[in-house]
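**Q** Supplied in structure tokens, the structure appears directly below.
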Amino acid sequence: MTESSHAIEISKFSNGTQKLHVDRVAVEEPLEIRLGWSTPDGRATRSISITMRTPGNDTELAAGFLLSESIIDAASDIASIDSCGTPAPDSGNYNTVKVELDPHVDVDLGRLQRHFYTSSSCGVCGKTSLDALHATGATSLRDNTTVFDKDILTSIPAKLRRSQATFDETGGLHAAAAFTQSGELVVAMEDVGRHNAVDKVVGALSLAGQLPASELGLMVSGRASFELMQKALVAGMPLLAAVSAPSSLAVQLAQEFDLTLVGFLRGETFNIYSGKQRISA
């Protein structure tokens, strides 16, 4: 069984006194995603990503990453996903997964170049990032008429919080969930990385045959970045709601592709930055 938290002994200061205390911390280990595909010269294999993640749901994470980066169009492009390599010595976790694609899949690894300049730390590439989404075939959700009741929407953060078992132990994980118009959490995931949590959600939906998720919303525990909006768009999800603030580029993406973007969703209050027609009062 994959461990998502570890117990460690710490010194705890409280009310002016120090004592030994057993605490649990979220596990963070690297995951390498290797891709295998057909070429005119035979099968090729290449490492395409290394991300720091919380072990668990690595299959979903790999599938979600490939979808989000437009390397594949659907789960049917995947022939197999398997853990491989040598288990990590301290944890026993397999930190490499190999994804074999069906022979018919035409792989364009040039699309992965976008992954290196769409992070929110880059302030000069906004237009380039949006143009890259158009180039990979992302389309507007203008015709999506799904509507979420505001009372349903405000109930989602508490439901997401109750699903965070490892956060209860460690206080150190992000979370993401797909939810229905009636407020049901279809799938919820935790990870040390916000983008990984969303990839796990998207991958789970894909492997279950539930993409495009045109009637589901996406809830994230932190802020709304361009990268998370991109993942919602590729998954066909018409709404992204975040507990915290959106970035300027996240707002631009939402407006350009007609997604509904909600920020500061806390208690009974929230801000709508784009797509207010999908939220009923």
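The values are calculated or read from the model by the stated rules, or taken from the named source; none is laboratory data. Everything quoted here is computed from the prediction, not taken from an experiment. Positions of Cβ are generated from backbone atoms using ideal geometry, with glycine treated the same way; all protein chains shown enter the neighbour counts.
**Q** Find the residue count for the stretch 16-41, including only residues that are under 27 Å from Arg53 (Cβ atoms) and among the basic types (Lys, Arg).
**A** Residues meeting the conditions: 2.
**Q** Pull up the stretch 30-66, narrow it to residues that are outside any strand (DSSP E or B), at pLDDT below 95 and not polar (S, T, N, Q), then point me to the one that is surrounded by the fewest Cβ atoms within 10 Å (Cβ to Cβ).
**A** Among them, the one singled out is Pro40.
**Q** Follow-up question, since we're still on this one. Identify, from the list Ala88, Ala44, Ala7, the residue that is among the aliphatic types (A, V, I, L, M), touching a Lys or Arg at 6+ places or on another chain (Cβ under 7 Å) and more than 17 Å from Leu207 (Cα to Cα).
**A** On the way: Ala88 fails: touching a Lys or Arg at 6+ places or on another chain (Cβ under 7 Å); Ala44 fails: touching a Lys or Arg at 6+ places or on another chain (Cβ under 7 Å).
Residue meeting the stated conditions: Ala7.
**Q** Of all residues in the stretch 1-29 being of a type outside the set (S, T, N, Q) and within 30 Å of Leu101 (Cα to Cα), which is surrounded by the most Cβ atoms within 10 Å (Cβ to Cβ)?
**A** Val27
**Q** So if I check each of Leu239, Leu249, which one is at pLDDT below 95 and touching a Phe, Trp or Tyr at 6+ places or on another chain (Cβ under 7 Å)?
**A** Leu249
**Q** Can I ask one more? Of everything in the stretch 143-174, what is outside any helix (DSSP H, G or I) and either within 15 Å of Ala232 (Cβ to Cβ) or touching a Lys or Arg at 6+ places or on another chain (Cβ under 7 Å) (or both)? Give them in sequence order. Spell out how you get there, then give the answer.
**A** Step one: filter the stretch 143-174 for residues outside any helix (DSSP H, G or I), giving 143-149, 163-164, 171-174.
Asn144, Thr146, Val147, Phe148, His174, listed by residue number.
**Q** Let me ask something else. Which one of the conditions (1) farther than 24 Å from Val201 by Cβ; (2) of a type outside the set (S, T, N, Q); (3) out of contact with any Ser or Thr (no Cβ under 7 Å at 6 or more places or on another chain); (4) modelled with pLDDT under 95 does Glu69 fail to meet, given that it meets all the rest?
**A** (1)
**Q** What is the residue count in the stretch 154-166 for residues that are buried (at least 17 other Cβ atoms within 10 Å of the Cβ) and free of Cβ contacts under 8 Å to residues at least 24 places away in the same chain?
**A** 0
**Q** Pick out the one residue from Val107, Val124, Val99 that is outside any helix (DSSP H, G or I), among the aliphatic types (A, V, I, L, M) and at pLDDT 95 or above. Let's see the steps before the verdict.
**A** Numbers: Val107 fails: at pLDDT 95 or above; Val124 fails: at pLDDT 95 or above.
Only one candidate qualifies: Val99.
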